[in-house]
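In what follows, a structure is listed as structure tokens, so that the remarks can point back to it.
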Amino acid sequence: MKRAGLVIVLITFAKITLAQSAAEKEVLQFERDACKAFLDADPAALERVLTPDFTLTLSNSAVSTRANEIEELRSGKVHYDVFENYDMKARVYGDDIAVVLGKTRVKGTSDGKPFDRAVQFTDTLIKRDGRWQLAAGHVSRLEE
């Protein structure tokens with residue numbers, strides 16, 4: 001009897017671990033896909049990725065909103081040649097909340113001036129209507 005109970009516990013643990021791994025993979029894929037909106041300069045895609053109340057706290061302590069991010073993309077003020085998330089780790093809480101830690105490398109031009117930098121980020125994601133969206137982010141510039 002004890003052995004059967006242990007087997008049930010191990011099977012349950014394995015199912016939970018696999019489910020978490022699948023959810024983590026889904027969230028990390030969302031993060032990679034979200035970069036494409038910036039690379040493609042696609043404001044409509046960015047609107048789908050960000051919640052209406054999205055905020056991004058920047059390294060200089062300024063706060064950017066969803067409207068700011070979309071307008072910057074729409075205006076063509078910023079052009080990205082590289083926008084890549086890497087070294088990411090996801091923490092999934094329940095079915096609809098996740099926190100992702102990672103790094104982003106961006107390279108391109110802003111107002112015609114070149115930039116190439118890397119930042120550490122923390123993103124908070126929520127799942128609405130069956131899809132992930134970015135609700136809040138924070139970035140800190142990495143030393144070069």
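The values are calculated or read from the model by the stated rules, or taken from the named source; none is laboratory data. Just so it is clear, the model here is predicted, and its values are computed rather than measured. A quick note on method: Cβ atoms are made from the backbone with ideal geometry, for glycine too, and the neighbour counts reach across all protein chains shown.
Side notes on the structure shown:
- Test: residue in region 88-111 that is in a strand (DSSP E or B), touching a Gly at 6+ places or on another chain (Cβ under 9 Å) and exposed (fewer than 12 other Cβ atoms within 10 Å of the Cβ): yes
- When region 52-74 is filtered for residues that are under 17 Å from Arg128 (Cβ atoms) and touching a Leu at 6+ places or on another chain (Cβ under 7 Å), the ones remaining, listed by number, are Phe54, Arg66.
- Filter result (on the phi > 0 side of the Ramachandran plot and exposed (fewer than 12 other Cβ atoms within 10 Å of the Cβ)) within region 29-65: Ser61
- Residue among Glu84, Glu72 that is touching a strand residue (DSSP E or B) at 6+ places or on another chain (Cβ under 8 Å) and not in a strand (DSSP E or B): Glu72
- Considering region 49-67, the residues that are touching a residue at least 12 places away in the same chain (Cβ under 8 Å) and part of a helix (DSSP H, G or I) include one that is farthest from Ala136 (Cα to Cα), namely Val49.
- Pair list, Cβ under 8 Å, 6 or more apart: region 110-128 residue closer than 13 Å to Tyr86 by Cα, other residue in a loop (DSSP other than H, G, I, E, B) and among the small types (Gly, Ala, Ser): Val119/Ser59
- Qualifying residue in region 118-127 (condition: in a strand (DSSP E or B), within 18 Å of Ala41 (Cα to Cα), within 16 Å of the chain's Cα centre (by Cα) and not charged (D, E, K, R)): no
- Cβ-Cβ under 8 Å pairs, at least 6 apart or on other chains, region 22-42 side under 25 Å from Asp95 (Cα atoms), far side buried (at least 16 other Cβ atoms within 10 Å of the Cβ) and among the hydroxyl-bearing types (Ser, Thr, Tyr): Cys35/Thr104
- Of all residues in region 66-81, exactly one satisfies the criterion of being more than 17 Å from the chain's Cα centre (by Cα), basic (Lys, Arg) and surrounded by 13 or more Cβ atoms within 10 Å (Cβ to Cβ), namely Arg74.
- When Ser110 is tested against the conditions (1) modelled with pLDDT under 95; (2) under 23 Å from Arg128 (Cβ atoms), the lone failure is (2).
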